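Here's the structure we're looking at; comments come further down.
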Amino acid sequence: MPIKATPTPGPQLLTPTDHTLIMIDFQSQMAFATHSIDAITLRNNAGLVASAAAGFGVSTILTTVAEKSFSGPMFAEVTAPFPGKTLLDRTSMNTWEDAPVIEEINKIGKDRIVLAGLWTSVCIVGPALSALAQGYEVYVVTDACGDVSAEAHERAVERMIQAGARPITALQYLLEMQRDWARTETYDMTTGIAKTHGGAYGLGIIYAKSMFNAHEG
């Protein structure tokens, strides 16, 4: 019998309510040695992910390592969308080995984890492989991660994919949360984030709106 298509989303697509976003070690000391992505693009993409998560009400954990003693504060682009949110500071390189973080993950209770942070080969690989081993689905926002070299970043992403993680990008994350331009309650927010953090796509939205009063959908 032929397959019958239905207008329904695939189960691997993310929704605002089905996952926990963990943003890891977006800190100055980690950024200084990051060379797989330039600092401006990294900060922009991290801000895009954070803004999308905050806007859509995604369960989010912000965590740092040795914030006061070594690594410095988390990027303002990440913390600004979550005013007053407590940052969980760790000593462990692997976020998944930190008891307060795991306590928060268990309290939230979502089976899908989305990761972004520095460095890909240490602070992202660690929780990704650990979460996968415990039965979680793992997504990695690869262009909101960075490492000491392109080689280090690429090998880390390959390793996670081989273990079962799914790579996505920052803009993809935002648009996957929106998914339908007929969702008018989040339309202005989504396009507003895109205007600020969406690069040429955001410029296109500004141009179309300014010149023709056009809009998506």
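The values are calculated or read from the model by the stated rules, or taken from the named source; none is laboratory data. Since the structure is predicted, the reported quantities are computational estimates derived from the model, not experimental observations. A quick note on method: Cβ atoms are made from the backbone with ideal geometry, for glycine too, and the neighbour counts reach across all protein chains shown. Remember, those area values only see protein heavy atoms, side chains included, never the ligands or the DNA or RNA. Shrake-Rupley method; radii C 1.70, N 1.55, O 1.52, S 1.80 Å.
Taken as Cα centroids, region 101-142 and region 52-70 sit 13 Å apart, rounded to the nearest whole angstrom. Per residue, the accessible area of the chain comes to 50 Å², computed with a 1.4 Å probe over protein heavy atoms only. Here the calculated FRET efficiency for Gln29 and Ile3, from their Cβ-Cβ distance with R0 = 45 Å, stands at 0.30, rounded to the nearest 0.05.
For the chain, the fraction of 1.4 Å probe accessible surface lying on carbon and sulfur atoms is 58 percent. With respect to the chain, whose longest principal axis is taken over its alpha-carbon atoms, helix 199-212 is tilted by about 20°. In this structure the amide hydrogen of Ser149, modeled in the peptide plane, comes within under 5 Å of the amide hydrogens of His35, Ser36, none closer than 5 places in sequence on its chain.
Let me spell out the model: positive unit charges on the Cβ of Lys and Arg, negative unit charges on the Cβ of Asp and Glu, origin at the Cα centre of region 64-217. What dipole size does that give, in debye rounded to 20?
On the way: 13 positive and 19 negative charges, 44 e Å.
Dipole size: approximately 200 debye.
Given all pairs of different Cα atoms, what value in angstroms does the Kirkwood hydrodynamic radius of region 1-58 take?
The Cα-based Kirkwood calculation yields 14.5 Å.
When the charge dipole of the chain is built from unit charges on Cβ atoms (+1 for Lys and Arg, -1 for Asp and Glu) and taken about the Cα centre, the candidate among Ala54, Ala144, Asn106 whose Cα reaches farthest toward its positive end is Ala54. On the basis of the beta-carbon distance and an R0 of 22 Å, Ser92 and Ser69 show a calculated FRET efficiency of 0.95.
Exposure check, 1.4 Å probe, all protein chains in place: Arg159 carries approximately 130 Å² of accessible surface.
Determine, for the chain, the count of lysine pairs separated by eight or more sequence positions (or lying on different chains) whose alpha-carbon distance falls under 23 Å.
For the chain, qualifying lysine pairs total 4.
Computed with a 1.4 Å probe over protein heavy atoms only, the accessible area of Cys123 comes to about 10 Å².
Only one of (i) 51, 25, 12; (ii) 24, 20, 17; (iii) 28, 22, 17 was calculated from the structure for semi-axes √(5λ) of the Cα gyration tensor in Å, and its label is (iii). Once both labels are positioned 7 Å from their Cα atoms along Cα-to-Cβ, the gap between Thr15 and Ala208 label points is 2.6 nm. Ordering Asn94, Ala156, Ala80 by Cα displacement along the dipole of region 63-205 toward the positive end leaves Ala80 in first place; charges were set at the Cβ atoms of Lys, Arg (+1) and Asp, Glu (-1). Heavy-atom accessible area for Asp18, with the other protein chains in place and a 1.4 Å probe, reaches approximately 40 Å². Defining a contact as two alpha carbons under 8 Å apart and six or more residues distant in sequence, what relative contact order in percent does region 30-164 show? Averaging sequence separation for qualifying contacts and normalising by length gives 30 percent for region 30-164.
With the cut-off at 1.5 for a/c, could you classify region 62-180 from its C-alpha gyration tensor as rounded, prolate or oblate? Mind dumping the intermediate values first?
On the way: a/c = 1.22, a/b = 1.15, b/c = 1.06.
Judged from the Cα gyration tensor, region 62-180 comes out rounded (a/c under 1.5).
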